[in-house]
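J.: What follows is a structure written as structure tokens; I'll ask about it next.
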Ligand code: HEC
Ligand code: HEC
């Protein structure tokens, strides 16, 4: 076989393997897909759905204050999020359903938190908020809340394709000393117990969410890093492209499911 032909065959094979593993990993039957919330007790489900008792609403409220606050003390009101975007219940409605998305300025995909930080840097001329810090989680929760109940709608953008594919590949790769892949738990063993915990299907529809174990709101990246630590793998750092690729794949896999942010989990 010539070198060119061999390369062609290898890449064709790689393509087949990729599509097979991606479609295996995906719960294609919409009926079979379940949010992690559906595995929870009734009282936790009620806590998630009722804003009056959902602890994450404290973050949403703080996010709303930050939305209106000007970025610099004593500064003209023009530097606030609301000065440019107005009423979030209108301007931010549906925005969270299509993140992660491709950012023109960075020429790279960003998740919703990273997108908010782009406005901090570009439009407010401020330091970005710390990833996983209270301010960023609060504003992200506030923005995500404006899409509650709306279906996940990943953007069809050719520039995202290779990232989604790498995420799918990563999802199928064994990790850590325990040597299990995301798929081996979340596709093959979803609904079973691991120690005391039920294994959910890993849909990202509730994030950011309040986790009782954290006693706090946390991001999807924090959740994925927890799973990596769980299999004794070195977790990718917050903000890493590898995590973003997994987020993109998970969003693709949950397309059409309703957003529940901010969610609640045990
Ligand atoms: C050993 C099994 C296991 C592996 C491997 C694993 N997870 Fe998890 N994952 C869990 C369990 C169990 C939970 C439920 C949380 C809990 O109660 O600890 C969870 C929760 C999640 C959730 C939250 C879902 C929700 O409804 O809030 C996401 C997202 C997730 N995992 C993604 C991943 C990704 C991505 C990988 C691969 C990098 C991965 N997980 C690897 C066991 C695993
Ligand atoms: C000076 C005006 C300005 C300010 C202040 C500003 N933004 Fe933006 N924002 C924009 C513009 C313009 C865009 C469109 C993309 C771009 O050019 O950056 C945008 C885009 C966004 C998006 C993505 C919307 C989408 O449809 O994908 C989000 C989310 C967002 N901003 C949130 C915020 C938040 C939160 C704040 C406050 C922390 C903020 N913005 C402050 C001007 C602003």
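The values are calculated or read from the model by the stated rules, or taken from the named source; none is laboratory data. Predicted, not measured: the structure shown is a model, and the values here were computed from it. Cβ coordinates were reconstructed from backbone atoms using ideal geometry, including for glycine residues, and neighbour counts include every protein chain displayed.
J.: Given the criteria buried (at least 18 other Cβ atoms within 10 Å of the Cβ) and touching a strand residue (DSSP E or B) at 6+ places or on another chain (Cβ under 6 Å), does residue 109 qualify?
T.: Considered against the rule, which asks whether it is buried (at least 18 other Cβ atoms within 10 Å of the Cβ) and touching a strand residue (DSSP E or B) at 6+ places or on another chain (Cβ under 6 Å), residue 109 comes out as yes.
J.: Condition (residue is farther than 20 Å from residue 265 by Cβ, buried (at least 21 other Cβ atoms within 10 Å of the Cβ) and within 16 Å of ligand 2 (Cβ to nearest atom)) applied to segment 205-220: is it met by at least one residue?
T.: So far as segment 205-220 goes, no, none of its residues is farther than 20 Å from residue 265 by Cβ, buried (at least 21 other Cβ atoms within 10 Å of the Cβ) and within 16 Å of ligand 2 (Cβ to nearest atom).
J.: Every residue in segment 226-266 that is free of Cβ contacts under 8 Å to residues at least 12 places away in the same chain, part of a loop (DSSP other than H, G, I, E, B) and closer than 13 Å to residue 202 by Cβ, please.
T.: Scanning segment 226-266 gives no hits.
J.: Here is a list: 250, 220, 244, 209. Which entry is in contact with a strand residue (DSSP E or B) (Cβ under 8 Å, 6 or more places away or on another chain), within 24 Å of residue 149 (Cβ to Cβ) and at pLDDT 95 or above?
T.: Going through 250, 220, 244, 209 in turn, just one is in contact with a strand residue (DSSP E or B) (Cβ under 8 Å, 6 or more places away or on another chain), within 24 Å of residue 149 (Cβ to Cβ) and at pLDDT 95 or above: 209.
J.: Taking residue 8 and the conditions (1) modelled with pLDDT under 95; (2) under 17 Å from residue 145 (Cα atoms), which numbered condition does it fall short on, given that it satisfies the others?
T.: In the conditions (1) modelled with pLDDT under 95; (2) under 17 Å from residue 145 (Cα atoms), residue 8 misses (2) alone.
J.: At least 2 residues that are away from ligand 2 (no atom under 13 Å from the Cβ) and either at pLDDT 95 or above or within 19 Å of residue 220 (Cα to Cα) (or both) in each: list the helices (runs of 4 or more DSSP H) lying fully within segment 72-185 that qualify.
T.: The qualifying helices (runs of 4 or more DSSP H) are 158-171.
J.: Also: Are any residues in segment 201-225 assigned to a loop (DSSP other than H, G, I, E, B) and either closer than 17 Å to residue 100 by Cβ or free of Cβ contacts under 8 Å to residues at least 40 places away in the same chain (or both), and if so, which ones?
T.: 202, 203, 204, 205, 206, 207, 208, 214, 215, 219
J.: Right, something else. Looking only at segment 229-257, filter to residues that are within 9 Å of ligand 1 (Cβ to nearest atom) and more than 23 Å from residue 152 (Cβ to Cβ); which one of those is surrounded by the most Cβ atoms within 10 Å (Cβ to Cβ)?
T.: Filtering segment 229-257 for residues that are within 9 Å of ligand 1 (Cβ to nearest atom) and more than 23 Å from residue 152 (Cβ to Cβ), the one surrounded by the most Cβ atoms within 10 Å (Cβ to Cβ) comes out as 235.
J.: Could you say which residue among 96, 83 is farther than 27 Å from residue 214 by Cβ and either within 16 Å of ligand 1 (Cβ to nearest atom) or surrounded by fewer than 20 Cβ atoms within 10 Å (Cβ to Cβ) (or both)?
T.: Result: 83 is the single residue among 96, 83 that is farther than 27 Å from residue 214 by Cβ and either within 16 Å of ligand 1 (Cβ to nearest atom) or surrounded by fewer than 20 Cβ atoms within 10 Å (Cβ to Cβ) (or both).
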